[in-house]
Structures are given as C-alpha cells and as structure tokens.
Amino acid sequence: MWLHYEIRNLGDIPRHWARVTPDRPALIDGLGRRTWRGLEETSNRIASAVVASGIAPRSHIGFFGKNSARYFELLFGVNKAGCAITPLNWRLAAAELAPVIDDAGCPLVFVDREFADTLATVRKLCTQPFRTVVFDSTSTAPGEIEQWMDGGNGRDPALRVHPQDTALLIYTSGTTGKPKGVQLTHGGLDRMRLCEHLEPAYEWRDGDVMLTVMPVFHLVGTGLSVQSLYNGATVSILPALEPGNLLKLIARDRPTICALVPTAIQMVVDHPDAKTADFSSLRMVMYAGSAISSTLLKRALTEMKCKFMQFYGATESSGAMTLLRPEQHDVNDEERLRSCGTPLPLIEITIRDPEGNIVPDGSNGEFWARMPNMFGGYWNQPDATAAVMRDGWYRTGDAGYRDKDGLLYIVDRVKDMIITGGENVYSAEVEQALAKHPGVRQCAVIGLPDPKWGERVTAVIIPAAGTSLTPEEIIAHCRGLIAGYKVPKEVRFVDALPMTATGKILKRAVRDQITKSG
C-alpha cells in the first residue's frame, strides 16, 4: 500500500507484480524459476481449491516442509482464500509438534514428501483430526497436490480481506514450554512495509535477488522473503542451511542480498570452497540472532566484499525493530559492534525497570517497544498476550541499555532464552525434559559462549542420591523428547546450585560458577 497502492494484503503481492512484470522471475528453487505470472496462476489454483474444499475463512492451514517455492505458492494461495498459513517447525520432535497443530486447529496440513511419515506419527498424537495433502519439492512430476488443486476452478476467489485478519500464525516457544501462536495480521505486515519504506538503509534495485536461507517457520525466513517480494525482487530459495550448497546457490543465482546469522557467516567463510567463491554479486548481508565479533566481521568484509547490516526484532513485531546500519559497522570498534542499532522510523523503544519506569541511559532494563506493526496477540492465549502488553507497549523480554549516542545494546534475556546457531532455545523447555529422567534431582540450563554456535546449551545437574549419570546418558534421554538443537551440547554435574531465599535458581550465578570452574 505504501509503495504500491494496489498491495494491501499478502495476496495482493502476486496480483500486482503479475500485472506489472509478469515474465520476471519471482521464485527460484531446485526445480527452476517461477515467474510472477506463474506464481499468480498457481496461487489462484490453490486458493480456489481451499474454498472448494469447504475450509472456513480465517482457518489456520499448516505447512510442513523445508524452504521451497511451493511454500510461497501456498502462502499466497491460502491467504487469497481468506485463511492464514502456519509454517511448522520440521526440527521439532513429534511430541512437540502435535500440541502446535492441535492449538492452531489446522483442518489441513500441506506436507513435503520428505516429512510425510513424520506427520503420520504426529497425527497419532494429535487430539483433533486434520487432512493432509502431500507435495514433492524435489520433483516436477504431477502428484497429490496437483490432483487436489484440480478440485477448484482455478480462479482467484477475490475474497475481502480485513486488515485485522491473520495472515501468518507463527509459533514461538514460551518460557513455560507451552507454544504460543503469534498472529501476524495483514494490516500489521502492511505497516511493517511502511516502516521499511521510510528507512534509508533499505535499498531495493531493479533486478535484486534475495537469497532465503533461514527456515520459513521463523519470521526471518518468511518475513524477509515477503519484504523482498513486496518490492518486486526475486527470491532464491535454499531448502536448509548447508554452507557448501549456499556457495553453489550464490554462484548459480547471483543474489544481491542475503540474510544469515553470525554462526552461518562463520560456517560460510570457513568452508573450503569459500576461498574460490565469487561473492561479487552480493551488495548486502543482513544478520540477526546475535552480535557479530570484530574478528569475524573483518574476515567477512575482506572475503565477501559487501556491506553488512544487523537487525533486531521479534516475531511479535512483524519484522525488524532496530538496525545497526552499514555505516555503523566499524571493525575497529568492538563495543559498537555489540549494539543492535537504533529503531526504524515510526518504532519507539524505551528501557524500563520491573515497575515500568524508564531508566536513564547507560542503565540496564527491559526493552519496551511501541509500533504500528504490532502483532494481533497470541492465538487462544489472552493472558499471555496481556502479560507482554501494557498501554500499547510490547514488553520484549530482552534486557539491555541505551548509550549516550542512542545506540541500543542487549545484554541478557529476561526470559532466560539461549540463542544457539540462530535458533531460540528457552531453558525451561530443556529443564522440563531433563526433569523427566529419574536420575536428575535438580537442574538448570544456561547458555555459555561458543565460538561456533554463539551459545551452547549447557545442562547443570544435581544427580539423585545413589545414581551414577554420564553426559552421554543425559543427552540420549533428551533426544527423545526435544528437538536436536535444544539438546544440551554440554552436561556438568554439581553438588549444589545457587538459590535465592525463595528457592529460585540464580542462573547468572550458575553461569559464573561454571565459567570459573572451566
């Protein structure tokens, strides 16, 4: 709407560009290129088939698969049918995924053939029935999804979509381990585009190609791709992060923009093929998840020869809240590189104490944000929504400070979240899994600095009396209960854990204790 008057909701993106640049490629994946005309036609077929199948408007329709052009066809098609897409985390264990599908109430889940057997296992654990439609992201041969699409009339239903309607339902774990469905509305995403449109650091050029590497079940994967498509750029899609394949894709599709986490940047420059790779097409690497070290930035700037820009945001904010812009990346200023920058236009961030009072610059507090692109609340969790909202301000759960120049710094996570390899892991989820082992009397999970992962998930355990535990036993126990990236990479055994007078474990003291012990 802000850049293109005709674009007011997600479904309008292919409608607009199919009219303006029908033969320009919109998507590239392992099966080839999809033009804007092709994306418009396929998303219309999907939309009409959803309507013909009798699925009620505003339903949540699941997507279970790695990154592919099919995901974006379904994203736009589902939204044209007046429903919302729910991208499911394929890295979760079946026992973790079933509550998400139940909570979303998905009447239909599109599943890549690679995960069809896994979804069959998940279905047995779900309390509500749902239909599945299988697609194959590695083959052009007609299959089940093509037969399903033939059930519609192939035309755009042209349904009215309201700004407050949910376009994306993205699940993020809470500190209690219960999944929370973040409702991202058409209006919120539209206003996110306004904030970006007013931001000089965002530059879109004719012929831009965005390389999507991060998983679409994260807002980084879907959100940045939608931002690119809104601006008419082509999106080149890598199914999952593997540095060798990423380098091959750079050579094949010549992307101009790419989004990575610092861990992935490290993996790319460390890969043997990076020495002979041609990065000359890249204009910008955007990164998030953690600050970048001056050592890594110097190396990346030297070898990749492009600009770098950090962004900080949350699923609830529909996109980036702050940017550390390219001109602020001084390799000789390690302290500034720890900053997450300053807010985008129309976005406000204040630093507050536990009582909600604004603290002076230089003092630590919680980041509170106010913006026009706020999420529509947590699905079916009004209490959780109320807990993070106060008088129009969103309590991010991130703690940090603002310096005298106005730059923001995150120093800790109020909710004890660990960021490992760009993935968010809440300590409570891992602790709940550990507690199910009969030999664990008490435990705490912390993140410790790691040169490869940014932070490594570390379990600190008091064994039950008379038991003899090994790290290997604990890790194997966790693998059956939680996703692989949440499983502790290190296990320490102790005789006692530091506690408060009220019986709460002091995580900071645990970190200090483990760090000092080496």
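In the stretch 453-469, the residue that is nearest to Ile419 (Cα to Cα) out of those that are touching a strand residue (DSSP E or B) at 6+ places or on another chain (Cβ under 7 Å) and surrounded by fewer than 18 Cβ atoms within 10 Å (Cβ to Cβ) is Ile462.
Taken as a whole, the condition of being in contact with a helix residue (DSSP H, G or I) (Cβ under 9 Å, 6 or more places away or on another chain), modelled with pLDDT of 95 or more and under 27 Å from Thr342 (Cα atoms) applies to Leu211. The condition of being surrounded by fewer than 16 Cβ atoms within 10 Å (Cβ to Cβ), modelled with pLDDT under 90 and among the basic types (Lys, Arg) holds for only one of Lys305, Lys298, Lys275, that being Lys298. When Leu189, Leu169, Leu211 are screened for being within 30 Å of Glu242 (Cβ to Cβ) and either touching a Gly at 6+ places or on another chain (Cβ under 6 Å) or part of a loop (DSSP other than H, G, I, E, B) (or both), only Leu169 passes. The residue pairs whose first member lies in the stretch 54-66 and is surrounded by fewer than 24 Cβ atoms within 10 Å (Cβ to Cβ), whose second member is modelled with pLDDT under 95, and whose beta carbons are closer than 6 Å, counting only pairs six or more residues apart or on different chains, are Lys66/Ala240. In the stretch 69-89, of all residues being small (Gly, Ala, Ser) and crowded, with 24+ Cβ neighbours inside 10 Å, the one that is nearest to Tyr378 (Cα to Cα) corresponds to Ala84. Taking the stretch 239-254 as the range and being within 19 Å of Asp278 (Cα to Cα) and open to solvent by 10 Å² or more (accessible area, probe 1.4 Å) as the test, the residues that pass are Leu241, Glu242, Pro243, Asn245, Leu247, Lys248, Leu249, Ala251, Arg252, Asp253, Arg254. Within the stretch 26-40, which residues are surrounded by fewer than 19 Cβ atoms within 10 Å (Cβ to Cβ) and of a type outside the set (Gly, Ala, Ser)? If the condition is that a residue be surrounded by fewer than 19 Cβ atoms within 10 Å (Cβ to Cβ) and of a type outside the set (Gly, Ala, Ser), then Leu31, Arg33, Thr35, Arg37 are the ones that fit. Within the stretch 117-151, being open to solvent by less than 30 Å² (accessible area, probe 1.4 Å) and assigned to a helix (DSSP H, G or I) holds for Leu119, Val122, Ile145, Trp148, Met149. For the stretch 83-128, which residues satisfy the criterion of being among the basic types (Lys, Arg) and free of Cβ contacts under 8 Å to residues at least 60 places away in the same chain? Residues satisfying the conditions are Arg113, Arg123, Lys124.
Among the candidates Leu448, Leu497, Leu408, the residue that is more than 27 Å from the chain's Cα centre (by Cα) and either buried (at least 20 other Cβ atoms within 10 Å of the Cβ) or touching a residue at least 24 places away in the same chain (Cβ under 8 Å) (or both) is uniquely Leu497.
The values are calculated or read from the model by the stated rules, or taken from the named source; none is laboratory data. All values derive from a computational prediction rather than experimental measurement. Cβ: placed from backbone, ideal geometry, glycine included. Neighbour counts: every protein chain shown. Ligands, DNA and RNA are excluded from the accessible area calculation, which covers all protein heavy atoms including side chains. Shrake-Rupley method; radii C 1.70, N 1.55, O 1.52, S 1.80 Å.
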